[in-house]
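What follows draws every value from the coordinates through simple rules; no lab data is involved. Just so it is clear, the structure is predicted and the values come from calculations on it, not from any experiment. Please note: Cβ atoms are built from the backbone with ideal geometry, for glycine as well, and neighbour counts cover all protein chains shown.
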Amino acid sequence: MGGSWFSRGSRRASAPDRGAPRAALVPLLLLLATCQVDKLTNNPPPIARLMLAPGQVRDSAPVGSMAAPADSLSVANGGPGTLSWVAHFVRGDAWLAFVGPNSGTAPATLRIAFNPAGLPMGVYRDTVIVDAENAADSPGRVPVEFTLHPCQPTSVPPNAAALQDSLTTADCSAPHRSKSFARVYSFTGAKGDSISIVMASTALDAYVILDSSANDAVTPLATNDSCTGGNDACLRYQLLPVGRRGTDRRVHAERHAPALAGRHPVAGAAAR
């Protein structure tokens, strides 16, 4: 009982005290709260939705025209909130350009213009890309197609009275005279018929060509630059060649001012 001491060394040994308290085992109760998963997850807020119309843009112009046709796209938000957008072209060639801003906030109108100057006949294509950050259906894509076509003739009866028309830079370049603009009229004549054509204008230097083919490589049947020394031009009693049933009458006008605009009366187209 009690403790014991050794005479040698400094080590002391003691017996356990039987009267000391011992650690007790205490039961621990853990409570686990349960909850639903959807209460822990926030549903994403609704987002804007990019909407473009129309789904495709097509336009055309006569070859040699210098006027720039224009079209537009509507940019709309089909969802809640604010939709900010910016647009660009995939190719970015010189024949297609934006008119006005190419970015903004929906609803908006995105305007584009076509430049036919210097383009040969053919079909030209590009794509408008519209990006709207954090919006559904973005980016949006709208294909664009632009066609350069030859002069399209207007059919007139051979015995027509005076024809009033206009000639501008939106018209095609003149067949056989690439530095001028032209309107083309066509009629059908029987072999042996004669035709008289008179063109008069106060604003333009008139030029008349009587042709039998839409091919520029074919030599015209007759041409005239002036009847009286003024701006008029005429072909009188031109005999249609034997065997030619269809004949195109082509009216050309020289441009003498940077902005070509004018109305020219054409009179006296008569088959005899």
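Shown in residue order for the stretch 219-236 are the 3J(HN,Hα) couplings computed by the Karplus curve 6.51 cos²θ - 1.76 cosθ + 1.60 at θ = phi - 60°: 5, x, 6, 7, 9, 7, 10, 7, 9, 10, x, x, 8, 7, 8, 7, 10, 10 Hz (x for Gly and Pro). Each Cα pair under 8 Å and six or more residues apart adds its separation to the average, and for the stretch 50-149 the resulting relative contact order is 39 percent. Residue order for TYR207, TYR185, TYR237, fewest other beta carbons within 10 angstrom first, comes to TYR237, TYR185, TYR207.
Over the stretch 50-149, the alpha carbon radius of gyration divided by the compact-protein estimate 2.2 N^0.38 Å works out to 1.13.
Under a 5 Å amide H cut-off, with hydrogens placed 1.01 Å from N, ARG58 pairs with GLU145 among residues at least 5 apart or on other chains.
Backbone geometry of the stretch 126-140 corresponds, through the Karplus equation with coefficients 6.51, -1.76 and 1.60 at θ = phi - 60°, to 3J(HN,Hα) couplings of 7, 9, 8, 10, 10, 9, 10, 5, 6, 10, 5, 6, 10, x, x Hz, x marking Gly and Pro. Distances between placed amide hydrogens fall under 5 Å for ASP193 paired with LEU240, all partners being 5 or more residues away or on another chain.
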